[in-house]
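Please treat every number below as a calculation from the coordinates, not as lab data. Keep in mind that this is a model prediction, so the values were computed, not measured. Using ideal geometry, Cβ is built from the backbone for each residue, glycine included, and neighbour counts are taken over all protein chains shown.
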Amino acid sequence: KENTSKHDEL
Amino acid sequence: MNIFRLTADMTHLMSVIVLLLKIHTIKSCAGISLKTQELYAIVFTCRYLDIFTDFISFYNTIMKVIFLWTSFSIVWYMRYHKIVRRSYDKDQDTFRHVFLMLPCLVLALLINERFTFKEVMWTFSFYLEAVAILPQLVLLQRTRNIDNLTGQYIFLLGAYRALYILNWIYRYVTEPNYVHWIPWMSGLVQTLLYGDFFYYYFLSWKNNVKLQLPA
């Protein structure tokens, strides 16, 4: 599960 | 990753390449606002503080490096390159960044997802990017002749954010509990600020005339 706290967009 | 986001990132990359081509090949930055370029360098610096701590993917890291490197290169060219700097119109490019940065910083301190340094800086970068184009739009109003490359650069820069909005809609629909109001609202404001530019850009394309913004 990708931890949503990380911002995965540029 | 979805097609909207990939297209958006490529459009953003294209805008930076068009600008670098203009500056590097014809050694001119006429009509380009240094203030906007400096604000973008600040935006990427504040947004990519996690470049060494949070590894998302190779694509993500490579694109961050590209955006950081190109934005600082453009600022360097416009400030220090002996030929390019001559075409910079500092008398017209007078927008004070501090009037944009301070409100964005205060807002980021008040409205953020988590009150940590990195998160506030990330939030600040979204608020700042939303208004970073203002000095450039003001400069366009002042300088009558907008050359094609400058027009294309601004069009691509506006289009990338509009595509990101499609990406956010797509992710909201397809991913459970994907909600990020801060990028959404900032991205919406940013895209709306290009509204009248898009309108005049479309007219100039439809009527096949030079792009002119009303005074």
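The table that follows gives values for the structure above.
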{"read-out": "Cβ-Cβ FRET estimate between residue B:118 and residue B:174, R0 fixed at 30 Å, reported to 0.05", "value": "0.65"}
{"read-out": "Angle in degrees between helix B:58-80 and the longest Cα principal axis of chain B, rounded to the nearest 10", "value": "30 degrees"}
{"read-out": "Principal axis box of the protein assembly as shown, alpha-carbon based, largest edge first, Å", "value": "51, 38, 33"}
{"read-out": "Under 18 Å from the Cα of residue B:64 - aspartates and glutamates, other chains or at least 8 residues apart", "value": "A:8, A:9, B:9, B:38, B:50, B:54, B:119, B:129"}
{"read-out": "Charge dipole (debye, nearest 20) of chain B; +1 at Cβ of Lys and Arg, -1 at Cβ of Asp and Glu", "value": "680 debye"}
{"read-out": "Within chain B, longest stretch clear of exposed trypsin sites (Lys or Arg not before Pro) (DSSP loop, no more than 15 other Cβ within 10 Å)", "value": "B:145-209"}
{"read-out": "Residues B:24, B:97, sorted so that the one with the fewest Cβ neighbours within 10 Å comes first", "value": "B:24, B:97"}
{"read-out": "Backbone N under 18 Å from the residue B:91 label point (7 Å along Cα→Cβ), restricted to the range B:131-169", "value": "B:139-145"}
{"read-out": "Rounded D (µm²/s) - chain B, Kirkwood Rh over Cα pairs, Stokes-Einstein at 10 °C, 1.306 mPa s", "value": "88 µm²/s"}
{"read-out": "Rg/Rh for the range B:1-81, where both radii come from Cα atoms and Rh is the Kirkwood radius", "value": "1.00"}
{"read-out": "The range B:97-154 shape via C-alpha gyration tensor axes, a/c threshold 1.5", "value": "prolate"}
{"read-out": "Helix B:34-47 axis, angle to chain B major axis (alpha carbon atoms, nearest 10°)", "value": "10 degrees"}
{"read-out": "Cα gyration tensor, the range B:52-111 - rounded (a/c under 1.5), prolate or oblate", "value": "oblate"}
{"read-out": "Among B:126, B:148, B:12 the positive-end extreme of the charge dipole of the protein assembly as shown (Cβ point charges)", "value": "B:148"}
{"read-out": "Eligible aspartates and glutamates near residue B:22 by straight Cα distance, threshold 17 Å, same-chain separation 8 or greater", "value": "B:89, B:147"}
{"read-out": "The range B:133-215: C-alpha gyration tensor shape, a/c 1.5 cut-off, then a/b vs b/c", "value": "prolate"}
{"read-out": "Volume per residue of the C-alpha convex hull in the range B:37-159, rounded to whole Å³", "value": "130 Å³"}
{"read-out": "Ranked list, fewest to most other Cβ atoms within 10 Å of each Cβ, for B:109, B:39", "value": "B:109, B:39"}
{"read-out": "Cross-link reach list, lysines versus residue B:35, counting only Cα pairs under 17 Å and skipping chain neighbours closer than eight places", "value": "B:90"}
{"read-out": "10 Å Cβ shell holding at most 15 others, DSSP loop, chymotrypsin sites (Phe, Trp or Tyr not before Pro): longest site-free stretch of chain B", "value": "B:116-177"}
{"read-out": "Rounded to 10°, Cα long-axis angle of helix B:98-110 versus longest principal axis of chain B", "value": "10 degrees"}
{"read-out": "Charged-residue dipole, Cβ positions (Lys, Arg, Asp, Glu), the protein assembly as shown about Cα centre, Debye nearest 20", "value": "740 debye"}
